[in-house]
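**Q** Sharing a structure with you now.
The values are calculated or read from the model by the stated rules, or taken from the named source; none is laboratory data. Computed from a predicted model, the values in this text were never measured in an experiment. Cβ: placed from backbone, ideal geometry, glycine included. Neighbour counts: every protein chain shown. Remember, those area values only see protein heavy atoms, side chains included, never the ligands or the DNA or RNA. Shrake-Rupley method; radii C 1.70, N 1.55, O 1.52, S 1.80 Å.
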Amino acid sequence: MRSYPSEHKEIVSNLLDGKFIIYPSPLFAVLQQEEFADDYKEFFKQSYGYELTIDNEFAYLSSNEVNEKRTRDFVLFLAMLCRELDYSGKNFRDTIELGSFDISETEQLLKQSSKWEILEKTSVAEFEKFIGSWASKNVIKRTGNQFKFTKAIKLFFEFAVNVANAKLKEQQESN
Amino acid sequence: MSNLNISGKDIVGFLFYHYDFVQKAFDISTPDFIIDSDRFHQLIAEHNTSSERKVHLHKISTDLKFCRQLPTGEYKLNGTYTTFLEFVFDDFVLDLPETLKNRYQAVFNHFTSLQTATDETKAILFIREIIKVIEDFLNDIQGQTYRLLRDTESLKVNAENNSDLSIRIQKANYWIDEYIIPLNTILNIDNPNSVINAIIQVQRYASEKRILADTYTLKREFEKLYASSVNAKAELDQTLSKLTRELLPLLERIKSDSIILSGFYHFVENVDNPENYIVPLPDLLRKVRANVISKAFSNEAEFYIDQFNYKTPEILYEETTEEIEWLPDSSYFKEQLLKEKEVSNFYQWCFDSLKEHTENITLSKFFTVSNLILEEDLVAEYKDETRFDIQLSDAILKMPKVKIYEKLSE
């Protein structure tokens, strides 16, 4: 790396803290530039063995060595929330991507779900703490009693699409 | 007393008085409008027990021509009725776009014939035929679009489980591929064989002819054709925008949303068996206070550190309060010394003078005072080799007997 951008320290410490860097953050603007993108990917790979993914709207580090178990909990939470929103006749994707949620109302909504017995055994059970820890990763933005999902949520929707497609392929092959 | 001949009023009356029966027959028989014989008889029997006005099979089939029995024994509803009933019940059966395509192909054919017709009577017939075909086509396509929109709305309604989700995805895919895209092709203005293009051609031709035609009658007919084609164009534009701007995105949306839900469904179902996720979860990073090391590097370091992994003794440090030692002010003692004019045993004097101020005479205190011996304005004389002891709190000094006095100024 010949020169470091002035945001270098912030970029590295944010990513190492497990935070998503999201458009329109100025940090994201730096990562998006081709001259830096490849350098940073190389930097994290060589220094830490981590994978830097720079998507259209967000960037994050991943590593199969440092596994974040709570990701599973988060996907469970999101799956249940989508399911409940869909049941109540709402367009779950618009609601998740654009809407604002009341923390205690959302907790109640999930607790009424027949699937709460699964969530109950996960870190979602302590709901405020759960929201806080994902807010610190920039996946959720908390304002007072409300929270919103950031653009990073698309990563988890992508995951669901991949699961569905893989399952579909599996079913087609077995037929 | 009923008339021998069936009039329009009888037909309308039948539909009015037996509305529920007609609707049931319609619902049961869609989409091909064929009902199993037993089922039809049962339907009539049910109706006749609950209603004062009775339905007679013979009358509705022979006189009213509501239905006819097929060679297979089934009953088929009359197409004239069903077309009207589709309109009445707002329930249109989806035709394959192929069928629609064939229908509007007729517009092309009649139009070609019209352009070459030499006879005024024939030209008028073709014009009327074109207007009729366009009208039918518009009705069809509006009905179909309406039906698609309504079904799509109902498709949006929630799926309870994964099989419902799969059906949703399948249906959305089917409608997109089999209906919307072909309908789009038929209606697409960029496609030279599209119905829109045929209608535009008709419109241009009619626009010219309504002014330039040979006779007044012909001009009037072309005027009607022109109006019909202008109207058709406007309506088809609307339909097209419904299809492409509402229906297609809606279906795509339903499809992709259902895919997400079904992916989540599989994930939740297999949450206790992560190996069944098929697709691994994103390996997000936990907050790490990391140093610049990779895993391999860290293993090596751990191995190295293990070599020194013994228990170090615990050391407890007693907390000591540090005292700042008081040191005598040498200038004060010099003053005292000078007052004496002459001191025969300097070191003893030092000790005694200090004693007046403190009990605890340490080396450092003693030397602070005894260093006065080095002052330039003092003269030290010592002859005696003998030493005497001076007992300090932290040492015993053997000192010579030194006489000291002030140097006389020259």
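**Q** Is at least one residue of the range A:153-162 in contact (Cβ under 8 Å) with a residue 40 or more places away in the chain, of a type in the set (K, R), facing chain B (nearest Cβ under 8 Å) and at negative phi? Lay out the reasoning, then the answer.
**A** Looking only at the range A:153-162, we keep the residues that are in contact (Cβ under 8 Å) with a residue 40 or more places away in the chain, and these are A:153-157, A:159-160.
Now restrict to residues that are of a type in the set (K, R): A:154.
Filter once more, so that each one left must be facing chain B (nearest Cβ under 8 Å): none.
No, the range A:153-162 has no match at all.
**Q** Might you let me know whether the range A:161-174 holds any residue that is within 21 Å of A:Y60 (Cβ to Cβ) and hydroxyl-bearing (S, T, Y)? Break it down stepwise before answering.
**A** Here is the first cut: in the range A:161-174, the ones within 21 Å of A:Y60 (Cβ to Cβ) are A:161-163.
If we keep only those that are hydroxyl-bearing (S, T, Y) too, we end up with none.
No, the range A:161-174 contains no residue that is within 21 Å of A:Y60 (Cβ to Cβ) and hydroxyl-bearing (S, T, Y).
**Q** Please go through the range B:348-400 and pick out each residue that is outside any loop (DSSP other than H, G, I, E, B), hydroxyl-bearing (S, T, Y) and in contact with a Phe, Trp or Tyr (Cβ under 9 Å, 6 or more places away or on another chain). Break it down stepwise before answering.
**A** The first filter runs over the range B:348-400 and keeps only residues outside any loop (DSSP other than H, G, I, E, B), leaving B:348-357, B:363-374, B:378-381, B:387-391, B:396-400.
Next, only the ones that are hydroxyl-bearing (S, T, Y) stay: B:353, B:364, B:368, B:370.
Residues satisfying the conditions are B:S353, B:T368, B:S370.
**Q** On to the next question. Output the residues belonging to the range B:350-379 that are open to solvent by 30 Å² or more (accessible area, probe 1.4 Å) and among the hydrophobic types (A, V, I, L, M, F, W, C). I'd like the intermediate steps shown before the answer.
**A** Just the residues of the range B:350-379 that are open to solvent by 30 Å² or more (accessible area, probe 1.4 Å), to begin with: B:351-352, B:355-357, B:359-360, B:363-364, B:367-368, B:371, B:373-377, B:379.
The answer is B:F351, B:L363, B:F367, B:I373, B:L374, B:V379.
**Q** Could I ask something else about it? From the list B:L261, B:L218, B:L236, B:L248, pick out the single residue that is over 30 Å from A:L168 (Cβ atoms), open to solvent by 10 Å² or more (accessible area, probe 1.4 Å), not aromatic (F, W, Y) and not in a loop (DSSP other than H, G, I, E, B).
**A** Numbers: B:L261 fails: over 30 Å from A:L168 (Cβ atoms); B:L236 fails: open to solvent by 10 Å² or more (accessible area, probe 1.4 Å); B:L248 fails: over 30 Å from A:L168 (Cβ atoms).
Only one candidate qualifies: B:L218.
**Q** Could you tell me whether any residue of the range A:108-127 is facing chain B (nearest Cβ under 8 Å), closer than 30 Å to B:Q170 by Cβ and not charged (D, E, K, R)? Give the steps one after another, and end with the answer.
**A** First, the residues of the range A:108-127 that are facing chain B (nearest Cβ under 8 Å): A:115, A:118.
Imposing the further condition that a residue be closer than 30 Å to B:Q170 by Cβ reduces the set to A:115, A:118.
Next, from what is left, pick out any that are not charged (D, E, K, R): A:118.
Yes, the range A:108-127 has at least one match.
**Q** Quick one: which of A:L15, A:L27 is open to solvent by less than 30 Å² (accessible area, probe 1.4 Å), within 14 Å of B:R286 (Cα to Cα) and part of a helix (DSSP H, G or I)?
**A** Values: A:L27 fails: within 14 Å of B:R286 (Cα to Cα).
Just one listed residue meets the conditions, A:L15.
**Q** Does the range B:107-125 contain at least one residue that is among the hydroxyl-bearing types (S, T, Y), open to solvent by 60 Å² or more (accessible area, probe 1.4 Å) and within 30 Å of A:Q171 (Cα to Cα)?
**A** Start the filter on the range B:107-125 by keeping residues that are among the hydroxyl-bearing types (S, T, Y), which leaves B:112-113, B:116, B:118, B:121.
Applying the additional criterion that residues be open to solvent by 60 Å² or more (accessible area, probe 1.4 Å) yields B:112, B:116, B:118, B:121.
From what is left, the residues that are within 30 Å of A:Q171 (Cα to Cα) are none.
Scanning the range B:107-125 turns up no residue that is among the hydroxyl-bearing types (S, T, Y), open to solvent by 60 Å² or more (accessible area, probe 1.4 Å) and within 30 Å of A:Q171 (Cα to Cα).
**Q** Moving to a separate point now. If you scan the range B:1-47, which residues turn out to be acidic (D, E) and part of a helix (DSSP H, G or I)?
**A** So in the range B:1-47, the residues acidic (D, E) come out as B:10, B:20, B:27, B:32, B:36, B:38, B:46.
Within the range B:1-47, B:D10, B:D20, B:D27, B:D38, B:E46 qualify.
**Q** Of the residues that sit in the range B:264-291 and are open to solvent by 30 Å² or more (accessible area, probe 1.4 Å) and more than 8 Å from every other protein chain (Cβ to nearest Cβ), which one is modelled with the highest pLDDT?
**A** B:E269
**Q** Out of all the residues in the range A:88-107, which are at the interface with another protein chain (Cβ under 8 Å from one of its Cβ atoms) and surrounded by 14 or more Cβ atoms within 10 Å (Cβ to Cβ)?
**A** Step one: list which residues in the range A:88-107 are at the interface with another protein chain (Cβ under 8 Å from one of its Cβ atoms), which gives A:89, A:91-93.
Once the filter is applied, which keeps residues that are at the interface with another protein chain (Cβ under 8 Å from one of its Cβ atoms) and surrounded by 14 or more Cβ atoms within 10 Å (Cβ to Cβ), the range A:88-107 yields A:N91, A:F92, A:R93.
**Q** Can you tell me which of (1) modelled with pLDDT under 90; (2) within 13 Å of the chain's Cα centre (by Cα) is the one A:S88 doesn't meet?
**A** (2)
**Q** Regarding the range A:116-138, can at least one residue be identified that is within 17 Å of the chain's Cα centre (by Cα), among the charged types (D, E, K, R) and open to solvent by less than 40 Å² (accessible area, probe 1.4 Å)?
**A** Yes, the range A:116-138 contains at least one residue that is within 17 Å of the chain's Cα centre (by Cα), among the charged types (D, E, K, R) and open to solvent by less than 40 Å² (accessible area, probe 1.4 Å).
Quick grid of which residues meet (1) of a type in the set (D, E, K, R); (2) touching a residue at least 12 places away in the same chain (Cβ under 8 Å):
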{"residue": "B:H18", "(1), (2)": "no, yes"}
{"residue": "B:P31", "(1), (2)": "no, yes"}
{"residue": "B:S50", "(1), (2)": "no, no"}
{"residue": "B:R53", "(1), (2)": "yes, yes"}
{"residue": "B:F66", "(1), (2)": "no, yes"}
{"residue": "B:K76", "(1), (2)": "yes, yes"}
{"residue": "B:F87", "(1), (2)": "no, yes"}
{"residue": "B:N109", "(1), (2)": "no, no"}
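**Q** A further question follows. Could you please find all residues in the range A:139-152 being open to solvent by 10 Å² or more (accessible area, probe 1.4 Å), without any contact (Cβ under 8 Å) to a residue 24 or more places away in the chain and within 15 Å of A:L81 (Cα to Cα)?
**A** Residues satisfying the conditions do not exist here.
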